[in-house]
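Each remark here refers to the structure printed beneath this line.
The values are calculated or read from the model by the stated rules, or taken from the named source; none is laboratory data. Everything numeric in this text was worked out from a predicted model, so none of it was measured. Counting neighbours? That spans all protein chains shown, and the Cβs are built from the backbone with ideal geometry, glycine included. With ligands, DNA and RNA removed, areas are computed over all heavy atoms of the protein, side chains included. Shrake-Rupley method; radii C 1.70, N 1.55, O 1.52, S 1.80 Å.
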Amino acid sequence: MLGRFTVRPADDGSDGFGVWDGAVNGWRASGLSTEVEANRMASELEVQYDTHGPRPADAVRRIDPPQAVQRVERSAGQLDVWIRHNGVWLGRFITDDGAVTWIPGSHLRPL
């Protein structure tokens, strides 16, 4: 279940954000000041966990330093990690403004 972790507005009356874990129906993180920060946290948790628990080590490939890539749709960003989900390798694509998206490997090209 990619998308196990979602960003939600804080429920404590503050202007912050939190990360909700859909597998356990509870907050994984709270008190994050920006939505971009919360999305980064949620994507990092997606790297670490799948639906059933910790993601197998052979299903994660970190790239250090992150590699510049281009999406098929012609937008540029950086790739810093691959995860295997349902038999497909997905790359964490980060745009210059910090937005995070999971993109199938067949849709990414090195710059």
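Things to note:
- Taken as a whole, the condition of being out of contact with any Leu (no Cβ under 6 Å at 6 or more places or on another chain), without any contact (Cβ under 8 Å) to a residue 60 or more places away in the chain and under 14 Å from Leu2 (Cα atoms) applies to Thr51.
- Subset of region 1-38 that is closer than 26 Å to Arg84 by Cα and among the β-branched types (Val, Ile, Thr) - its residue that is most open to solvent (accessible area, probe 1.4 Å): Val24
- Complete set of residues in region 49-69 that are open to solvent by less than 80 Å² (accessible area, probe 1.4 Å) and either closer than 23 Å to Val19 by Cα or touching a Gly at 6+ places or on another chain (Cβ under 7 Å) (or both): Tyr49, Asp50, Thr51, Gly53, Arg55, Pro56, Ala59, Val60, Val69
- Filter result for Leu90 (within 19 Å of Arg4 (Cβ to Cβ), crowded, with 16+ Cβ neighbours inside 10 Å and aliphatic (A, V, I, L, M)): yes
- Scanning region 19-41 for residues that are in a strand (DSSP E or B) and farther than 25 Å from Asp96 by Cβ yields Trp20, Asp21, Gly26, Trp27, Arg28, Ser30, Gly31.
- Condition broken by Val72, with the remaining ones in (1) in contact with a Gly (Cβ under 8 Å, 6 or more places away or on another chain); (2) open to solvent by 40 Å² or more (accessible area, probe 1.4 Å); (3) aliphatic (A, V, I, L, M) satisfied: (1)
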